[in-house]
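Q: Quick one: the structure is below, questions incoming.
The values are calculated or read from the model by the stated rules, or taken from the named source; none is laboratory data. Everything numeric here is computed off the predicted structure, so don't read it as measured data. Because the Cβ atoms are built from the backbone with ideal geometry, glycine has one as well, and the counts that use them run over all protein chains shown.
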Amino acid sequence: MEYKHRFYLAFRLSIFILFACCGYDASAQSVVRQSISSIGSSSSIDGITIQSSVGQASSTVMTSSGKSVLRQGFIQPPSSGAVINENLIPALVFPNPSTGLFYIQMEFRSGDYYEVMNLAGQKIYTQSINGISSMESFDISNQSEGLYILSIFRNNTKVQSQKLALTQ
């Protein structure tokens, strides 16, 4: 009996030392974000580009100029699908949701305009800015309850787009 007790204490002590020396992470899983280097090469022959890296063939694409590109391995395509609008200008639209009266807080310039469209794509409200303004308001309480899209334009380029929720 004495032997089992000593063995048990020695076992517990060794487990304690093991965790103390090696570190212990109490979480069940640990996710580590890693990136795979794109070691490889790229070559072009007669309008066909071949890019290779570690891994197997992933895609063949046709560029806008009509040339083929064969990508092999873990190569990030030149366009990831995310569109970054460099013309984005910050605007605060409140209250949202609203019963119809919305306010837009933004540094408007003369010539800016905004429009509200329903989800069918029909313009239900348009307003031009004739001077410098930091606050605009509009009322769409005559419309039915639902979602609408507010788009703000500067120099005929969309600089902001937000979803509006109209409640009754």
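Q: What tally of residues in region 113-130 results from selecting those that are touching a Phe, Trp or Tyr at 6+ places or on another chain (Cβ under 8 Å) and free of Cβ contacts under 8 Å to residues at least 40 places away in the same chain? Full working, then the answer.
A: Applying the first criterion (touching a Phe, Trp or Tyr at 6+ places or on another chain (Cβ under 8 Å)) to region 113-130 yields 113-119, 124-129.
So of that shortlist, the ones also free of Cβ contacts under 8 Å to residues at least 40 places away in the same chain come out as 114-115, 117-119, 124-129.
Result for region 113-130: 11.
Q: Quick one: how many residues across region 142-160 are closer than 13 Å to N118 by Cα and in contact with a strand residue (DSSP E or B) (Cβ under 7 Å, 6 or more places away or on another chain)?
A: Counting residues in region 142-160 that are closer than 13 Å to N118 by Cα and in contact with a strand residue (DSSP E or B) (Cβ under 7 Å, 6 or more places away or on another chain) gives 8.
Q: Looking at region 119-168 only, could you name the residues that are surrounded by 16 or more Cβ atoms within 10 Å (Cβ to Cβ), at pLDDT below 95 and part of a loop (DSSP other than H, G, I, E, B)?
A: Answer for region 119-168, where residues must be surrounded by 16 or more Cβ atoms within 10 Å (Cβ to Cβ), at pLDDT below 95 and part of a loop (DSSP other than H, G, I, E, B): just I129.
Q: Let me ask something else about it. Could you list, in sequence order, the residues of region 71-118 that are assigned to a loop (DSSP other than H, G, I, E, B), at pLDDT below 90 and more than 16 Å from S161 (Cβ to Cβ)?
A: Across region 71-118, the qualifying residues are G73, F74, I75, Q76, P77, P78, S79, S80, G81.
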